[in-house]
Amino acid sequence: MSEITQEQVTHLANLARIALTPEEIVSLTSELGSIMDHVATVTEVATPDVPATSHPIPLQNVFRDDVVGQTLTAEEALAGAPDHDGSRFRVTAILGEEQ
Amino acid sequence: MAKLMDYDRALELFEPVLGFEVHIELSTKTKMFSDAPNYFGGEPNTNITPVDLGLPGSLPVVNGQAVRYAISLGLALGCSIAPTSRFARKNYFYPDLAKNYQISQSDEPIAFAGSVEVELPNGRMFTVPIERAHMEEDAGKLTHVGGATGRIQGAEYSLVDYNRAGVPLVEIVTDIIYGAEADAPELAKAYVSTIRDIVVGLGISEARMERGNLRCDANISLRRRTPEGEPPAPLGTRTETKNVNSLRSVERAIRYEIQRQAAILDEGGTITQETRHWHEDTGETSAGRPKSDADDYRYFPEPDLLPVVPSDELIEELRAALPEAPAIRRRRLKAEWNFTDLEFQDLTNSGLVNEVIDTVAAGASPAAARKWWTGEIARTANAQGVDATTLVTPLQVAQLVALVDDGTLTDRLARQVLEGVIAGEGTPQQVVDARGLAVVSDDGALIAAIDEALQSQPDVLAKIRDGKVQAAGAVIGAVMKAMKGQADAARVRELVLERATALPE
């Protein structure tokens, strides 16, 4: 059994901005532990000569030419916005900074 | 206002340890992962596509030109190019990116392990170790509205423009830099300046700091010096200063942080590991966000993008096309122009090397080109608070020098012509014609003025005839005045001595 703690689940939930009830924390701790166990089983099979993969399809170097295409208008861009000032998205002031 | 320790005293007690993260906005036509124009400015939220807004169903595709630019930059930084590099998601919640993550590169950057040779104002050469250079996307622009200061504290809401979101960036990260010692502030400035020269030379970025094309985050910590024979003290806690938008600020911010941290440590305090903001107006840094688990970005490979595997042929093609490295170029120019160390440093510090190159190419001698750019033009620029390059063109300076060389202008007249050119009155020749500034080279006119001056000052004439040649100064002055300064003083002097003996008693 993997060592996933309730503290780790609480930390992850906080990072992902997901509110969890105490019951959900208990159940997710157990579920995440099972997932980790499953991954551990796969890891046992993988030998050092199997390279890590980030994509199921073995493709690489898919590039785009540097040519300008169709853009959205501001109206289109803002169409789905909960709030805006006519040209920019309006968001609640968030304490923090640009990364 | 934070307490500061005297800089020299701070250096006696502590060793500054540096690290820089420089972000370069690439000047591709389109963004990193979308075909929106790479143009920040204009009407908000118009240079965007669904990819830049992270709309459901939209998928990023890598800009091939941005990859080539990144490889060229990596090579120019002396880096190895990764046989395989990958993009990763850096997860964080902040509205400057609509996706709630930034596509960046984490443990597989495109370039790694290089170094940059930097020349300090005192002539010292310093090798800055480069850990990596990786590709990523820029974030949108937030404007905080409400509150007293327009800063985020107290703001009621923020407005977001995503035109800059997705602009291609290369972030250059140095290794820990030891040994800068008292030169740390100058090294910081010289390093950023060298990076700017490199990217401008490659033609891959506008690299205008004031526009945010090139941004520097400066990390600094202090390590207490230990007596000889004792083991070195552990590294101190570092701060990361952001918002440093000019070369001068980079230098000032490092100096400030050294003095601030030294004062705290000397009183037994501790440095908080945090982001600090540089304030250009007050010349201080202020505390920003503490580094904590907010930095747990949960990187993972970007599932929507494929690995970048540049071929050896591509890498060698880009390597062959690299321009001369700035340090090597400087050494070559210094030799070609036959400048002394001091003259060349003076020029380098003025940031006008390229202008002198272009002026020399337009026909001026290196010495004359240097003299005008670092002298009169730099002084005028300084007085007007503008960039010297905006005042005149290298061609105009070369034309001015030519007018001096062929005797049309004296240095003094040339300064007036330059003033006219700067004022927008046309080319140097046009200013000479319009203002009637050419040297009076007609000896007849000069002789008439000299004779008149000599005859009106018979005592001076007598002295000159007695061999008291220095008395001629008064006559020369009178003649120059009569000619409104438009005469060659050396020629006037020659003629004065000639006429003094030629005139009848």
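Worth a mention:
- Counting only DSSP H runs of at least 4 residues, each contributing -39500 (n - 2.57), and dividing by the residue count of chain B, the helix-based mean residue ellipticity at 222 nm comes to -11500 deg cm²/dmol.
- Projected label points at B:Ser365 and B:Leu395, each 7 Å from Cα along the beta carbon direction, are separated by 2.5 nanometres.
- Length-normalised contact order of chain A in % [C-alpha pairs under 8 Å, at least 6 apart]: 18 percent
- All-pairs alpha carbon distance profile, the range A:6-45, 10 Å steps from 0, percent: 30, 44, 22, 4
- Cross-link table B:Lys29/B:Lys242; B:Lys3/B:Lys141; B:Lys371/B:Lys481; B:Lys90/B:Lys242; B:Lys141/B:Lys242, entries beyond 22 Å C-alpha to C-alpha: B:Lys29/B:Lys242; B:Lys3/B:Lys141; B:Lys371/B:Lys481
- Spin-label model, B:Ser286 to A:Asp37: label points 7 Å out along the Cα-to-beta-carbon direction sit 5.4 nm apart.
- In chain B, the ratio of gyration radius to Kirkwood radius, Rg to Rh, stands at 1.11 when only Cα atoms are counted.
- Semi-axis lengths, largest first, of the ellipsoid equivalent to the range B:139-263 are 32, 22, 12 Å, with √(5λ) applied to each eigenvalue of the Cα gyration tensor.
- Relative contact order (percent, whole number), chain B, Cα cutoff 8 Å, 6+ residue spacing: 14 percent
- Each pair of Cα atoms in the protein assembly as shown enters the Kirkwood radius, and Stokes-Einstein at 4 °C and 1.567 mPa s then converts it into a translational diffusion coefficient of 45 µm²/s.
- Note: chain A, Cα convex hull, 241 Å³ per residue.
- Residues with amide H under 5 Å from that of B:Phe14, placed H, sequence gap 5 or more: B:Arg225
- Contact order for the range B:324-435, expressed relative to its length and based on alpha carbon pairs under 8 Å spaced 6+ residues apart, stands at 20 percent.
- Residue (of A:His84, A:Leu12, A:Leu59) at the positive-pole extreme of chain A, dipole from beta-carbon charges: A:His84
- Centre-to-centre separation between the Cα atoms of the range B:445-505 and those of the range B:38-71: 74 Å.
- Over the range B:244-346: Kirkwood hydrodynamic radius from C-alpha pairwise inverse distances, Å: 19.5 Å
- Inter-label distance for B:Glu452 and A:Val62, nm, one decimal - labels placed 7 Å from Cα along Cα-to-Cβ: 8.8 nm
Read-outs: derived from the displayed coordinates by stated rules, not from any lab. In this text the structure is predicted, and so the values were computed from the model without any measurement. Quick reminder, even Gly has a Cβ in these numbers, built from the backbone with ideal geometry, and neighbours come from all protein chains shown.
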